[in-house]
Amino acid sequence: MQFQNTLDFARELDEKDALKSYRASFHFPQVDGKDVIYFTGNSLGLQPKITRDYVDEIMTSWKELAVEGHFKAAKPWWDYHERLAAPLARVVGAKTNEISVMNTLTVNLHLLMVSFYRPTAKRFKIICEEKAFPSDQYMLDSQVRFHGLDPKETLVPIKKRNGEHFWRTEDVLEKIAETGDTLALVLIGGVNYYNGQVFDMKAITAAGKAVGAFVGWDLAHAAGNIELELHDWNVDFAAWCSYKYMNSGPGNASGVFIHQRHLNKTDIPRFEGWWGTKKETRFLMKPNFEPIDTADAWQLSNPPILSLAPYLASLEMFDKVGMKALVEKRDKIVAYLEFVLQEIDKEVESSFEIITPESRGCQLSVFLHGEGKPLFEYLMKHGVITDWREPNVIRLAPAPFYCSFEDMYRFGQILKDGILG
Ligand SMILES: *Cc1c(COP(=O)(O)O)cnc(C)c1O
């Protein structure tokens with residue numbers, strides 16, 4: 001399709017957009033009495049309008065039923081989390097028994113490392129991406145030190161080539177083969193938070209398995225953004241947060257995936273708690289741990305129902321729309337944003353460089369040559385919510401659920417005014 005950088009053309013695309021009605025299902029912050037142009041759904045998704053009802057429902061059943069809400073609420077609390085597993089499995093390409101919702105992301109990565117990082121004298125190395133998200137770096141470093149190992153000798157960061165902004169799959173595969181039988185674990189962000197790159201998870205997982213390592217993925221920027229086939233790709237484990245593309249509210253609960261082949265094992269090390277035991281015997285308060293035969297065996301505590309409610313609200317929306325339709329619109333709106341950026345680039349003196357490679361999801365990371373933080377501040381002041389990463393990169397993620405093509409056009413005009421002054 002031949003795009004045009006005009007308001008009429010953008011509106012025409014909105015007219016044809018199969019998801020256009022969903023925009024009205026979200027609350028937008030306002031600047032100067034107008035909805036903002038929201039590019040930070042990769043950081044904190046907007047609030048769906050239905051979410052408050054889901055939270056109110058819990059508040060009401062707590063008020064009216066108190067402890068009896070565990071079993072007598074309309075959606076009983078004691079197995080409330082199980083309602084999230086099936087729709088979440090559809091988002092990440094898993095079987096329902098491979099999914100659990102618990103804790104928060106970094107906590108879950110630590111818990112999964114307990115199970116899947118068991119270094120031996122010979123096999124102890126971890127392949128990760130260079131300059132991973134800071135929390136992942138701290139998590140990996142502290143896990144390695146916890147085992148009495150030296151992060152410098154243990155962590156094998158995959159580097160980008162000189163002058164390039166992305167990782168090459170062949171370099172990852174080569175490093176895996178080279179590390180061979182000293183490789184214990186591959187743990188990478190499936191979609192890199194900085195450049196928006198989507199890693200070839202299928203190929204990398206296969207390569208890791210081929211040398212006998214475990215392979216896990218941090219899917220913070222992937223869940224709800226790209227199509228995943230975690231079960232079929234043979235991934236060992238994965239975890240993600242729910243507040244980015246999954247619109248479940250600040251700091252909210254994390255989802256985990258544990259491949260079916262690791263379930264129902266009594267020999268797998270795991271930190272355990274009462275919510276991981278079989279439901280039938282849980283309240284007998286017996287001394288021995290009898291794991292549930294699903295990923296819920298990794299649950300520790302009785303879950304925070306007030307947090308799960310917004311996640312359930314969001315998942316029901318994802319289920320209605322489906323990842324396929326979201327991905328279809330995502331590709332089109334990101335392509336239009338890219339086009340608008342290129343058109344504006346021709347009209348202004350400075351130049352933008354899109355550092356996101358072709359293998360991408362919702363996010364374009366743009367290097368603003370010759371522009372600094374004042375431009376970012378100008379955008380924010382004029383109702384364009386982006387984020388800034390040093391030295392001068394803005395990340396733009398037009399979430400397909402609620403962003404419009406008109407937003408992309410309007411953004412281009414505001415950007416131009418911000419540069420030309
Ligand atoms: C957002 C993000 C996190 C955040 O972790 P929390 O434990 O939810 O604070 C971790 N890792 C990556 C790659 C992220 O993008």
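Some points to look at:
- Helix-only [θ]222 nm of the chain, DSSP H runs n ≥ 4, -39500 (n - 2.57) each, per residue, nearest 500: -11500 deg cm²/dmol
- Vicinal HN-Hα couplings computed from phi for the stretch 203-219 (Karplus, 6.51 cos²θ - 1.76 cosθ + 1.60; Hz; Gly/Pro x): 5, 5, 4, 4, 5, x, 5, 4, 9, x, 9, 7, 10, x, 10, 8, 9
- Expressed per residue, the C-alpha convex hull volume of the chain stands at 150 Å³.
- Stokes-Einstein diffusion coefficient of the stretch 262-311, Kirkwood radius over Cα pairs, 10 °C, 1.306 mPa s, in µm²/s: 137
- The angle between the Cα long axis of helix 51-65 and the main principal axis of the chain comes to about 40°, on a 0 to 90 degree scale.
- 23 Å Cα-Cα reach of LYS346 towards lysines, excluding residues that sit fewer than 8 places from it in its own chain: LYS332, LYS373, LYS416
- Over the stretch 310-421: Rg over Rh, Cα atoms, Kirkwood Rh: 1.01
- Between amide H atoms placed 1.01 Å from N, distances below 5 Å from GLN47 occur with HIS27, all of them 5 or more places distant or on a separate chain.
- Working note: Cα atoms of the stretch 200-325, range along each principal axis, descending, whole Å: 46, 41, 23.
- Alpha-carbon geometry of the stretch 68-115: the Rg and the Dmax are 13.1, 36 Å, given in that order.
- Volume per residue of the convex hull around the Cα atoms, evaluated for the stretch 277-362, comes out as 195 Å³.
- Pairwise centroid distance, computed over Cα atoms, of the stretch 92-107 with the stretch 133-187, Å: 23
- Separation between Cα centres of the stretch 348-421 and the stretch 7-77, rounded to whole Å: 25
- Solvent-free Debye scattering, log10 I(q)/I(0), computed from the Cα coordinates of the stretch 1-156 at q = 0.08, 0.09, 0.16, 0.19 Å⁻¹: -0.48, -0.60, -1.11, -1.22
Every read-out reported here was derived from the displayed coordinates using simple, explicitly stated rules and does not represent laboratory data. What you see is a predicted model; the values in this text were computed from it and never measured.
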